[in-house]
Amino acid sequence: MELRGIQQAGVEILANHYKPEVIICKTPSEVDAYVANRLAQQIQTRPDSVLTLPTGNTPTGMYEHLVTLVKSGQLDLSRVTIFNLDEYHPIDPSHKGSYAAYMRRHLIDQVPTSAWYIPNGQAEDPQGEAARFKALLDAHQPVDLAILGIGPGDTCHIGFNEKGSSIDTTVRYMPLDPQTKATNSQLFEDPSEIPEGTLTQGIADILQAKEIIVIAKGSSKAWGVNRALKGPVGAEAPASFLRLHPHVTFVLDEEAAGYLQ
Ligand code: PGA
């Protein structure tokens, strides 16, 4: 057997050893509440937790729950450190479509947190900015809990790690994938304003977290969830690398779980 074949066999053995937990909720709002409560438990157990957090359509309900828990005095995020998964480039952080603005709207401007780091979408040197963000992240690793979404259709991306992203990728500049661009441009008031590039944590950065939760809601995620959990582990489906991590939970609504047997 060629070395590549042996390596792939080893990857599959490891993936079979670490079976991700799969939680299927009846509705999207049950997913939001479940993940918010898991996050709250993490912070109650360790008030100075370091977190990696996502943006996009999927986690907005989770943030609503989290903010309600804080405002009602049941949770305190004031000692928590937050890293974002990714950001567009180039983008002004005050642009409504930026992930920086998203985070401020949904969490950072709502409740006190200790520290919040997101790649600077305005950096003139994106490679240099990737190195700066990676150094900051490395100084805080291992992240206690990383919460991720998964790409729609057959992208199977995590962060902006699109097809072809290998297991050893770290924070870097990535041109925006055409399929992701078409989907994500709908989140911009003027779709033509979506930037051409991104800065994203890599697969290796994500896998360093002690625990990972993947959230997926809706039928557009069903193919990717099934591919990530059941297909071969490899760069053609970046989310499949999560099966090499010992502590991963996929939290799905019934539609996102629709292709799982
Ligand atoms: P979404 O994005 O939550 O907007 O679907 C998730 C992703 O593309 O990773």
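The values are calculated or read from the model by the stated rules, or taken from the named source; none is laboratory data. These numbers were taken from a predicted model, which means no experiment stands behind them. Heads up, the Cβs are rebuilt from the backbone with ideal geometry, glycines too, and the neighbour counts pull from every protein chain shown. We work out accessible area using only protein heavy atoms, side chains counted, and drop any ligands, DNA or RNA first. Shrake-Rupley method; radii C 1.70, N 1.55, O 1.52, S 1.80 Å.
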- Is there a residue in the range 173-187 that is β-branched (Val, Ile, Thr) and without any contact (Cβ under 8 Å) to a residue 40 or more places away in the chain? yes
- Message: Any residue in the range 241-252 that is assigned to a strand (DSSP E or B) sitting within a Cβ distance under 6 Å of a residue that is acidic (Asp, Glu)? List the pairs, counting only those 6 or more apart or interchain.
- Response: Thr249/Glu21
- Residues that are within 15 Å of the ligand (Cβ to nearest atom): which helices (runs of 4 or more DSSP H) entirely in the range 88-195 hold 2 or more of them? 99-103, 178-184
- Task: Please find, within the range 230-253, the residue that is most open to solvent (accessible area, probe 1.4 Å) out of those that are in contact with a Ser or Thr (Cβ under 8 Å, 6 or more places away or on another chain) and more than 13 Å from the ligand (Cβ to nearest atom).
- Result: Pro232
- Message: Take the residues in the range 196-218 that are of a type in the set (Asp, Glu) and within 19 Å of Phe250 (Cα to Cα); name whichever of them is nearest to the ligand (Cβ to nearest atom).
- Response: Asp205
- Task: Count, please, the residues in the range 19-52 that happen to be outside any helix (DSSP H, G or I) and open to solvent by 70 Å² or more (accessible area, probe 1.4 Å).
- Result: 5
